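Asks: Following this message is one structure expressed as structure tokens.
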Amino acid sequence: MKTKSNDIYTAQQIHRVLTGAGIDIEAEYGTDYIIFCPYHNNNKTPAGEVSKESGLFFCFGCQTTKNLIELIMHMTGRSYFEAIRYIKSKEVETNLEDVVNKAIYAAPDFVQYDELLIKRLNKQAVESPRAVSYFEGRKINKDSMVKFDLGYSEKQDSVIVPMHSPDGMCIGFVARTVEKKEFKNTPGLPKSKILFNLHRVKSSKVIYVVESSFDAIRLDQVGLPAVATLGANVSSSQMKLLKKYFTNVVLVADNDEAGSIMADRLTEKLGSLVTVIKLDKQYKDIGDMNDDAIRQLEYQFDNSIIAMLK
């Protein structure tokens, strides 16, 4: 959420407030309810989120931020004090139908994101000298910008990396500011349940695992199939995905403490499935390496396998 609210509610109360005001809850991720934004023409993919704790509404599309009272005033035409009384009336469950609906409500694992928006942001990136220059600085070429639908938002001055479910459904994106290393995800993005680029490389016999989506793209550019965990903290769901699709997992962790912990965790959980490739001390991660140095990772893996067979 962009701003804070001093109001504290229960998740159940907010659920009753929203549904009672005619607002459909499209999904439920973590600490947020996901809804269509009522402040702009949002009818394809829900862009709004409502905090289960504060009731604060934020739309990633139009950047509107409202507290729960303001949201209810807008949706129902109530005055300020009428909205307060309405919200307070939902503190205690009184509707049996709401109880039943809550019991059977099951949030989907993934919600499809607006692919037309992704294509538009990608077109802006390819045509933007600022975006192209940024990606070139990360050693990512234009072919990869197109292949991975990398985008750019001029309004946010952020580059965009689309994320997909294991079967290839676009479920949102991670945005990173050009000037500062600041990240913003689309509402409810279930990063712990996905691996970046998995849907493109599921048939590979050997998979290279890195933390960053940009590092995975760099590996792809030299012909090495890769996925990214989107951080050093690998979730149980991501472990299951690696086990499900691959028989050889080559971990190229960052050269720092978090990378070492990541290597220990994957080795502990996946055992002989994992081969850990250590980077030279001169490199922090794949981003510091040129293409020739990245290609050498394949030889390190081959040599590791030969050593194991001796």
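Asks: Among G259, G55, G137, which one moves the most in a GNM of the chain with springs linking Cα atoms closer than 10 Å?
Replies: The residue with the greatest mean-square fluctuation here is G137.
Asks: Right, another one. For n ≥ 4 DSSP H runs only, could you compute -39500 (n - 2.57) per run for the chain, divide by its residues and tell me the 222 nm figure to the nearest 500?
Replies: After summing the helix terms and dividing by residue count, I get -11500 deg cm²/dmol.
Asks: Taking 8 Å as the Cα distance limit and 6 or more residues as the minimum spacing, I'd like the relative contact order of the range 125-192 as a percentage.
Replies: With pairs under 8 Å counted, the relative contact order is 20 percent.
Asks: Of K142/K281; K66/K193; K147/K240; K155/K180, which ones are farther than 24 Å apart at the Cα?
Replies: K142/K281; K66/K193; K147/K240
Asks: Still on this structure, I have one more. Helix by helix, which DSSP H runs in the chain go 15 Å or more along their axis at the Cα atoms and have an average Kyte-Doolittle hydropathy of -0.5 or more?
Replies: 115-127, 257-270, 291-309
Asks: Sort the range 191-310 into rounded, prolate or oblate with this rule: let a ≥ b ≥ c be the square roots of the eigenvalues of the Cα gyration tensor; rounded if a/c is under 1.5, and if a/c is not under 1.5, prolate when a/b is larger than b/c, oblate otherwise.
Replies: Rounded, since a/c falls under 1.5.
Asks: If a/c stays under 1.5 just call it rounded; otherwise compare a/b with b/c (prolate if a/b is bigger, oblate if not). Do that for the range 11-104, with a ≥ b ≥ c from the square roots of the Cα gyration tensor eigenvalues.
Replies: Oblate, since a/c reaches 1.5 and b/c is not below a/b.
Asks: Label-point separation (nm) for N248 and T65, each offset 7 Å from Cα along Cα-to-Cβ?
Replies: For N248 paired with T65, the spin-label model returns 5.0 nm.
Asks: Given charges of +1 on the Cβ of Lys and Arg and -1 on the Cβ of Asp and Glu, with all other atoms neutral, how large is the dipole of the chain about its Cα centre, in debye to the nearest 20?
Replies: Dipole magnitude for the chain comes out near 180 debye.
Asks: Determine, from the Cβ-Cβ distance of T10 and D256 and an R0 of 30 Å, the FRET efficiency 1/(1 + (r/R0)^6), rounded to the nearest 0.05.
Replies: Result of the calculation: an efficiency of 0.15.
Asks: Please go through the range 1-76 and write out the trypsin sites (Lys or Arg not before Pro) that DSSP classes as loop and that have at most 16 other C-beta atoms within 10 Å.
Replies: Those satisfying the criteria are K2, K4, K44.
Asks: Then there is this: Normalised by the residues of the range 191-310, what does the relative contact order come to in percent, with Cα pairs under 8 Å and at least six apart?
Replies: Relative CO of the range 191-310 lands at 25 percent.
Asks: Let me ask something else about it. Put +1 on the Cβ of each Lys and Arg and -1 on the Cβ of each Asp and Glu in the range 14-172; which of F36, L68, L150 then has its Cα farthest toward the positive end of the dipole?
Replies: The listed residue farthest towards the positive side: L150.
Values quoted throughout were computed directly from the atomic coordinates according to the rules given, and no laboratory measurement underlies them. Treat the numbers as computed from the prediction; the structure is a model and nothing was measured. Methodologically, a virtual Cβ is constructed for each residue, glycine included, from the backbone with ideal geometry; neighbour enumeration extends over all protein chains shown.
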